Amino acid sequence: QQQVKQSPQSLIVQKGGISIINCAYENTAFDYFPWYQQFPGKGPALLIAIRPDVSEKKEGRFTISFNKSAKQFSLHIMDSQPGDSATYFCAGGMDSSYKLIFGSGTRLLVRP
Amino acid sequence: GAGVSQTPSNKVTEKGKYVELRCDPISGHTALYWYRQSLGQGPEFLIYFQGTGAADDSGLPNDRFFAVRPEGSVSTLKIQRTERGDSAVYLCASSLDGNTEAFFGQGTRLTVV
């Protein structure tokens with residue numbers, strides 16, 4: 001009931017392409033769904049987050065699409081750049097930042 | 001400080017020893033969290049402090065793990081009788097009030113040999 005399943009495990013995209021990472025959750029009490037970006041040797045950094053009252057949120061090149069009925073959400077990175085190469089984690093939680101349940105991560109490589 | 005600071009960055013200890021990991025949250029943040037990240041996995045929740053008190057310690061794996069935050073700022077995660085399975089990166093995060101964005105530190109990489 002607490003799991004957040006993330007796919008794919010790894011992703012290779014050409015510069016300028018679209019990177020898409022998918023997550024599915026089980027706990028219907030979750031009301032906060034953030035995406036974190038993590039570079040090697042660093043802690044995760046919040047990229048973008050969404051709440052279930054909207055189906056899409058866009059910030060620059062990053063868009064979250066949210067499907068409440070399917071209990072799925074995804075991250076789209078438009079015009080992917082080599083600097084976007086990192087590990088991305090989706091998460092779900094209740095009451096915002098408290099006790100987040102993270103997916104297993106997607107290692108993204110953007111080729112120049 | 002400018003961000004969440006964790007010390008040490010790396011810690012190697014022998015099986016059975018006691019270790020302390022320190023977290024300095026962002027100044028003014030009342031909420032503090034500890035997570036553990038094993039290799040190739042996402043962070044796993046350990047404990048949440050609101051002020052000085054542990055509001056939720058349900059993620060601590062067993063009674064060898066303990067955390068304190070005596071003055072509502074710096075927190076220390078304490079691990080007794082370390083085991084090789086405790087090897088992981090221990091992440092600390094803080095947020096203004098528990099209902100806003102959590103900012104993570106760079107983590108402490110603990111290796112138990």
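The values are calculated or read from the model by the stated rules, or taken from the named source; none is laboratory data. As the structure is a prediction and not an experimental result, all values here were calculated from the model. Cβ placement follows ideal geometry from the backbone for every residue including glycine, while neighbour counts extend to all protein chains displayed. These accessible areas exclude ligands, DNA and RNA; they are computed on the full protein's heavy atoms, side chains included. Shrake-Rupley method; radii C 1.70, N 1.55, O 1.52, S 1.80 Å.
Rounded to two decimal places and with Rh computed the Kirkwood way over Cα pairs, what is Rg over Rh for the protein assembly as shown?
Working: Rg = 17.5 Å, Rh = 17.9 Å.
When Rh is taken as the Kirkwood radius, the ratio is 0.98.
Quick one: dipole size for chain B, taken about the Cα centre, charges +1 on Lys/Arg Cβ and -1 on Asp/Glu Cβ, in debye to the nearest 20.
So the magnitude is around 500 debye.
Rolling a 1.4 Å probe over the protein heavy atoms leaves B:R22 with an accessible area of roughly 100 Å².
Defining a contact as two alpha carbons under 8 Å apart and six or more residues distant in sequence, what relative contact order in percent does chain A show? Once normalised by length, the contact order is 37 percent. Taking only the C-alpha atoms of chain B, the Rg (one decimal) and the largest Cα-Cα distance, Dmax (whole number), read 13.1, 38 Å. Taken residue by residue and averaged, Cβ atoms of other chains lying within 10 Å of the Cβ of A:100-110 number 3. In this structure, the pairs whose alpha-carbon distance is over 27 Å, taken from A:K5/B:K11; A:K5/A:K42; A:K71/A:K99; A:K99/B:K78; A:K42/A:K99, are A:K5/B:K11.
Annotation for the range B:75-113: trypsin sites (Lys or Arg not before Pro) lying in DSSP loop with at most 15 further Cβ atoms inside 10 Å of their Cβ are B:R81. Using alpha carbons only, the radius of gyration of chain A set against its Kirkwood radius gives Rg/Rh = 0.95.
Using the crude model of +1 on Lys and Arg Cβ and -1 on Asp and Glu Cβ, and no other charge, please compute the dipole size for the protein assembly as shown relative to its Cα centre, in debye to 20. Numbers along the way, then the final one.
Working: 23 positive and 20 negative charges, 145 e Å.
Roughly 700 debye, rounded to the nearest 20.
A 1.4 Å probe over all protein chains sorts A:K68, A:K99 by accessible area into A:K68, A:K99, starting with the largest. In this simple spin-label approximation, A:Q81 and A:K58 carry label points 7 Å from Cα along the Cα→Cβ vector, and these lie 1.8 nm apart.
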